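Participant: Dumping the structure here so I can ask a few things about it.
The values are calculated or read from the model by the stated rules, or taken from the named source; none is laboratory data. It should be emphasised that the depicted structure is a prediction, and the values quoted were computed from it without experimental measurement. Positions of Cβ are backbone-derived with ideal geometry, glycine not excepted, and every protein chain shown enters the neighbour counts. Heads up: the accessible areas ignore ligands, DNA and RNA and are worked out on the full protein's heavy atoms, side chains in. Shrake-Rupley method; radii C 1.70, N 1.55, O 1.52, S 1.80 Å.
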Amino acid sequence: MRKPPSIVDLHTDTFLEDWEDYSPEELMQESIDFLRSNLDAAIYWEMSEIKFIHGKGKGLLKKVVFEELQEYKASGAIERYYTSYQNEDIVVVVIGI
């Protein structure tokens, strides 16, 4: 498992070459899968925190990201998460190892 970067952009045009071929629902799922793989890797590598860029837009990606992070928090996999003080388009995830 490769170590993830400290900041991960969840916009599909940054990690999918053919993102235009996906439906909006598929793009949302790809973003969540990308979040999971990077967050799981950050936990594996015992990183203290990782940041995810969800952006502004209509807030749909942010909503789904926060729902996903709530599940990670409820399971004890992460300590907490919060909107970055420097940039509200970014969520900071504290793994707490």
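Participant: Ignoring ligands, DNA and RNA, what accessible area per residue does the stretch 11-90 give at 1.4 Å, in Å²?
Facilitator: Here the per-residue accessible area is 64 Å².
Participant: Which percent of the accessible heavy-atom area of the chain goes to carbon and sulfur, probe 1.4 angstrom?
Facilitator: 50
Participant: Over the stretch 3-97, what is the relative contact order in percent, taking alpha-carbon pairs closer than 8 angstrom and at least six residues apart?
Facilitator: Numbers: 123 pairs, mean separation 28.9, N = 95.
That works out to 30 percent.
Participant: Here's a follow-up. Please report the net charge: other residues with Cβ closer than 14 Å to the Cβ of M28, K and R +1, D and E -1.
Facilitator: Summing Lys and Arg as +1 and Asp and Glu as -1 gives -3.
Participant: Further question on the same structure: Nearest 10 degrees, 0 to 90: what angle lies between the long axis of helix 24-44 and the longest principal axis of the chain (Cα atoms)?
Facilitator: Helix 24-44 sits roughly 20 degrees off the main axis of the chain.
Participant: Something else now. Considering lysine pairs in the chain that are 8 or more places apart or on different chains, how many have Cα atoms under 24 Å apart?
Facilitator: 9
Participant: What's log10 of I(q)/I(0) for the chain at q = 0.16, 0.17, 0.20, 0.22 Å⁻¹, Debye sum over Cα points only, no solvent?
Facilitator: -0.63, -0.71, -0.98, -1.17
Participant: Checking the a/c ratio against 1.5 first, then a/b against b/c, what shape does the Cα gyration tensor give for the stretch 58-97?
Facilitator: oblate
Participant: Oh, and also: Per-residue HN-Hα couplings for the stretch 54-70, Karplus 6.51 cos²θ - 1.76 cosθ + 1.60 at θ = phi - 60°, whole Hz, x for Gly and Pro?
Facilitator: So the J values, rounded to whole Hz, are 10, x, 9, x, 8, x, 5, 5, 4, 4, 5, 4, 5, 4, 5, 5, 4.
Participant: What accessible area, in Å² to the nearest ten, does a 1.4 Å probe give for M28?
Facilitator: Rounded to the nearest 10, that gives 50 Å².
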